[in-house]
Amino acid sequence: MKLLLKGGTVVSSLRSEKADVLIENEKIVSVGEGISAPDAEICDVSGKLLFPGFIDAHTHFDLVGAARTADNFYTGTKAAAAGGTTCVIDFSTADRGMTGRQALEEWHRKADGVSSCDYGFHMSYTEWNDDLSKEVDEMVKEGITSFKLYMAYDNLRVSDADLYKILKRIGEIGGIVGTHCENGDMVKELTADLISHGKTTPEYHPLSRPALVEAEAVFRYLTIAKLADVPVNIVHLSTRLGYEIAEEFRKNGAKVYLETCPQYLVMDDSVYKNGTLTGAKSSDEFEGAKFVISPPIRKKSDCDCLWNALKNNRLDCISTDHCSFNYNKDKELGRDNFSKIPNGAPGVEHRPVVIYTFGVKQGKITKEQMCAYLSTNPAKLYGMYGQKGEIKPGFDADIVVWDENAEWTISKENQNQACDYTPLEGVKVSGIAEKVFLRGTLVSEKGKIVKENHGKYIFRDKCMFYEKD
Ligand SMILES: [Zn+2]
């Protein structure tokens, strides 16, 4: 079956131009003005932007930590697709004592057959040994070329020595490691200090992991990467200090890719005191728990720095770190002690509209940059370019028909995310994913899923270590 999208403006990371798009058998077959295909079904998209399907390279669906996340792959990928995200990369975690193979099997069990957008997995290692090192070649055959490490959390973090060995090993296969940069020991000590002084409410969470805790880990990580002589990625970068250190390393020739998230752009740490994003003060001081994520929400000056870096093409990806614990019951575990609040918040559904509203509409970045950060760059970095990341002949027909004129308000009442709240409650936004095509099939319209479970596992290639301009 052929489908012709007629009259839209195709957006890429470099330009936007009026073009029709012809789709056949899940793929884009031609892009250009005045395409005629008498045997194709016509879809009128005049006046609309056509973005390549958005990619969220940082989700945690069906994660079991202090509690189990509200979203599993069934609900999480529906929420993703509803907002315009046609591919997610989640984290398959090999807990200590497990093999990568076992972790991978577990994540396939969670995701296969129930996902409404395409998906891949990064492999998270929490220790290192010869068996895991040997198994890396098998991971590549399974379509895994990106890996995740933690410098914080006792059950997840690896030592500096293992970090070095893993970076070297992943370098050999042309893969990339993305690391959670926070000094785990300092988080523990600062938390203990606060709690022992009776500072137990959510507003103390950001003080337990200040900017220096991220910055020190960024410096150490990039130092180790320089010694291992490999390109690296930093996930969810949140501070000006961390960013400036990364730029110093880049000036000295290091290849550093940087990811940030919407919450580090549009929220500041007043949310911990207010309990809301809109500035209204909640009557329950515990409501700041809705924003307890790690790294924490930062200062306005950090947000400004990250927007400026985006404007200058100095960051690479905007992902969500979607990790949705319910407020009732789950977040409540930390009512008497902020350090017991499960860390994480939902976000996979609203990333495109938040970046469109607060980035593109407000003139902080262009729609082409939005395309780069939400689709083209993650496709390249994570080995999917050629399949995903652009509206081009031969690519998967993952297309978001974007209506720039829609105005609406984000609320837990109208979200697909299974979480019992959204940190974006009451936020007025512009634009909507009017239609979302996943490999040529219409899967969502105006925020409502019309076709479920159409997602498939994506085998990813080697990373493309692209240059910045
Ligand atoms: Zn994460």
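The values are calculated or read from the model by the stated rules, or taken from the named source; none is laboratory data. Since the structure is predicted, the reported quantities are computational estimates derived from the model, not experimental observations. Cβ coordinates were reconstructed from backbone atoms using ideal geometry, including for glycine residues, and neighbour counts include every protein chain displayed.
Overview of values
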item	result
Residue satisfying condition, being assigned by TED's automatic domain parsing to the domain that holds Lys367, more than 21 Å from the chain's Cα centre (by Cα), modelled with pLDDT of 95 or more and not small (Gly, Ala, Ser), within set Tyr243, Tyr327, Tyr257, Tyr264	Tyr327
Extreme residue, nearest to the ligand (Cβ to nearest atom), among residues of the stretch 227-252 that are assigned to a helix (DSSP H, G or I) and closer than 14 Å to Thr179 by Cβ	Gly242
Matching residues, the stretch 274-307, being over 30 Å from Phe465 (Cα atoms) and either within 16 Å of the ligand (Cβ to nearest atom) or crowded, with 24+ Cβ neighbours inside 10 Å (or both)	Gly288, Ala289, Lys290, Phe291, Val292
Selection within the stretch 117-156 - away from the ligand (no atom under 16 Å from the Cβ) and either in contact with a Leu (Cβ under 8 Å, 6 or more places away or on another chain) or of a type in the set (Asp, Glu) (or both)	Cys117, Asp118, Glu127, Asp130, Asp131, Glu135, Asp137, Glu138, Met139, Glu142, Ile144, Asp154
Some residue of the stretch 157-174 being in a helix (DSSP H, G or I), within 18 Å of Thr93 (Cβ to Cβ) and within 16 Å of the ligand (Cβ to nearest atom)	no
Of all residues in the stretch 432-456 being β-branched (Val, Ile, Thr) and buried (at least 18 other Cβ atoms within 10 Å of the Cβ), the one that is nearest to Trp402 (Cα to Cα)	Ile432
Which listed residue, of Cys371, Cys419, is crowded, with 21+ Cβ neighbours inside 10 Å and part of a helix (DSSP H, G or I)	Cys371
All positions within the stretch 1-15 that are under 30 Å from the mean Cα position of the chain (by Cα) and part of a loop (DSSP other than H, G, I, E, B)	Gly8, Ser12, Ser13, Leu14, Arg15
Tally, over the stretch 377-402, of residues that are polar (S, T, N, Q) and either modelled with pLDDT under 95 or buried (at least 24 other Cβ atoms within 10 Å of the Cβ) (or both)	1
Odd one out for Ser196 among (1) among the small types (Gly, Ala, Ser); (2) under 30 Å from Gly426 (Cβ atoms); (3) surrounded by fewer than 18 Cβ atoms within 10 Å (Cβ to Cβ)	(2)
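One line per residue, one yes/no per condition, for (1) within 16 Å of the ligand (Cβ to nearest atom); (2) surrounded by fewer than 23 Cβ atoms within 10 Å (Cβ to Cβ):
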site: Ala309; (1), (2): no, yes
site: Leu315; (1), (2): no, no
site: Ile318; (1), (2): yes, no
site: Asp321; (1), (2): yes, no
site: Ser324; (1), (2): yes, no
site: Asn328; (1), (2): no, yes
site: Gly334; (1), (2): no, yes
site: Lys340; (1), (2): no, yes
site: Ala345; (1), (2): yes, no
